[in-house]
1. Round to a whole angstrom and tell me the spacing of the C-alpha centers of region 473-524 and region 142-167.
2. Ordered by residue, what ³J(HN,Hα) values in Hz, to whole numbers, does region 438-454 give under the Karplus form 6.51 cos²θ - 1.76 cosθ + 1.60, where θ = phi - 60° and Gly and Pro are x?
3. Expressed as a whole percentage, what fraction of the accessible surface of region 196-328 belongs to carbon and sulfur atoms when a 1.4 Å probe is rolled over the protein heavy atoms?
4. Taking amide H atoms as placed 1.01 Å from N in the peptide plane, list the residues 5 or more away in sequence, or in a different chain, whose amide H sits under 5 Å from that of residue 131.
5. Which three lengths, in whole Å and largest first, does region 473-523 cover when its Cα atoms are put on their principal axes?
6. Where does the chain land at 222 nm, in deg cm²/dmol rounded to the nearest 500, when only DSSP H runs of n ≥ 4 count, each adding -39500 (n - 2.57), divided by all residues?
7. When only the heavy atoms of the protein chains count and the probe is 1.4 Å, how do 269, 200 rank by accessible area, highest first?
8. Full extension from residue 502 to residue 208: what is 0.36 nm times the residue separation minus their Cα-Cα distance, to one decimal in nm?
Amino acid sequence: MGPLRPALCLIVLLAAGPAAAQRFEDALRLSGIPFRHEASKTPRKYLPETMGGGVALLDANLDGQLDIFFTNGARLQFPHQQGVEPDKTEPRFWNRLYLNKGGMRFEDATVQFQLQGRGFGMGAAVGDYDDDGDPDLLVTNAASGDVPAAALYRNDRGVTFTDVTSESGIDARGWATSAGFFDADNDGDVDLLILRYMRWRFDIDNRCGMEASYGRSYCHPDLFPPESSLFYRNNGDGTFENLSEASGIADHPGKGLGIAFADYDRDGWTDIAVANDSYPQFLFRNLGNGEFDETSLVAGTAYDDHGVEFAGMGILFDDLDGDGQPDLLVTTLSQERYALFYNTGNGLFDYSTGRSGLGTVTQLFAGWGLAAFDADADGRREVFFANGHVMDKIEQSQPHVRYRQPPLLVTLDGRRMVDVSETSGDLFSRDWASRGAAVGDLDGNGLPDLVVSNLDGVPYLAMNTSSPDSAWVGVKLHGCDSNREGIGARLVLEQASGQKQYRTVTRSGSYLSSRDPRVFFGAGQASGGIQLRVEWPGGKAARTYSLETGRVNLVVENSSCTGELRE
């Protein structure tokens, strides 16, 4: 059976849209990565079995190349007792770190960097929490027993990682999913938000699906109460303070799976968007006084165009239509259509799934990780979707929907989304049960690649093999008064032609995953100078820099920290 694609409407969209120049190949065999995600599936159908795992891109050993980190499951008993730690002692259940050796080849360094982990792993978030120039790592878990729901690993000068969870003050319990670092208070260090899925326990058996002829199935999240997210303020001394209640975050329990950050109302404070599963979506407006106002209902992002909840899983908070305003894109389950909200610029959003063409493309798909980037450097961005249904027996109850699904790639054409999957490589005709996805330039050619973690299977590395005639421009920020990586900065790239492109510097978005913090622009047929305006976090004075094409440009906030720069 071939990949699911709505044929008739898709032909019309392809005929009307731009020709695709994007090409990707699966480089897993070339990479030498032997990783396999282990879900530890049981006849009991514990929900964590079908929800992992995440992937993070980071320069762990500080050699200038992106390395890959995968979270993994753990052995579950049948039945598994509440309060018993899932067993991760077998190497096949370890989380794994692979160092980039160049040429798209990688080497296992898990033991050297002490990142085997404990518990049933879910997501991974990267951020320089101690502002020393080394990317640190936070791993989330579906916790049981003494295993915390989030473990913080400090990067010690690119040589190893040290578990500093206890001494950092982070004490998360329950089932944590996505997490992200951002500077909530504009004080120059990154704070932390950890999502929790719901109040779920191993010892609660709802015996879902037992009445049907096809047997037990994974339970719907409606059967479990929502759970609040955790907000930790960075104290600037290596520790965090739990301000979940004081900030107002704890007042809004949900069923959080995806998290992303951007300043959607341009007031100088970073806001939070949360993808909730079969629950209203959240949009936390940063009030700038240490508090957040959950404003999704007023802003128009809580529900679809019929006022109905949907299964939010992965999320983007990014300018997709080129007007300078961060938009929202949320992946959902099959039959729901992925939810696209364009920012109208006045604190409101417009649900645009139908008229953008995205609804036709995604009707039968279930999406998780996603990423926006310019695949072929032509100045138009693409959006990648990693897909696969949550229910492994979905074909028995809904024969027109499949469990394993191919990924999707759409090109942004103004406010329209055009499916270019079928012309973007064999990768898009193959089926997986995909979950986490992260985007970044793995081979140093200026064209973003993708790493996707597949449930209970091997990952794939979508190596960007496009052959563009266009110029690319890379940007790496170095904050001085701002946080070290410039997380939360707003970039405006302007070419001599007057064309402008807008980005927010972030490691977050997608599902359970963390991306390359560098920003890559496609400059098309660049002629003349290229200028970059950087609005540093916290409303500090914006500066304009001249950029060179065909390289990653290091942009330093000011001269006060030039002595800290690393090659």
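The values are calculated or read from the model by the stated rules, or taken from the named source; none is laboratory data. Please read these numbers as outputs of a predicted model, since none were measured by experiment. Glycine gets a Cβ as well: all are built from the backbone with ideal geometry, and neighbour counts include every protein chain shown. Just so you know, the surface numbers come from the protein's heavy atoms only, side chains and all, with ligands and any DNA or RNA stripped out. Shrake-Rupley method; radii C 1.70, N 1.55, O 1.52, S 1.80 Å.
1. 28 Å
2. Couplings: 9, 10, x, 8, 7, 10, x, 9, x, 10, x, 9, 9, 10, 10, 8, 10 Hz.
3. Numbers: 2270 of 5120 Å².
For region 196-328, the apolar C and S fraction of the accessible surface comes to 44 percent.
4. none
5. Extents along the principal axes: 37, 29, 14 Å.
6. -1500 deg cm²/dmol
7. Putting 269, 200 in descending order of accessible area: 269, 200.
8. 101.2 nm
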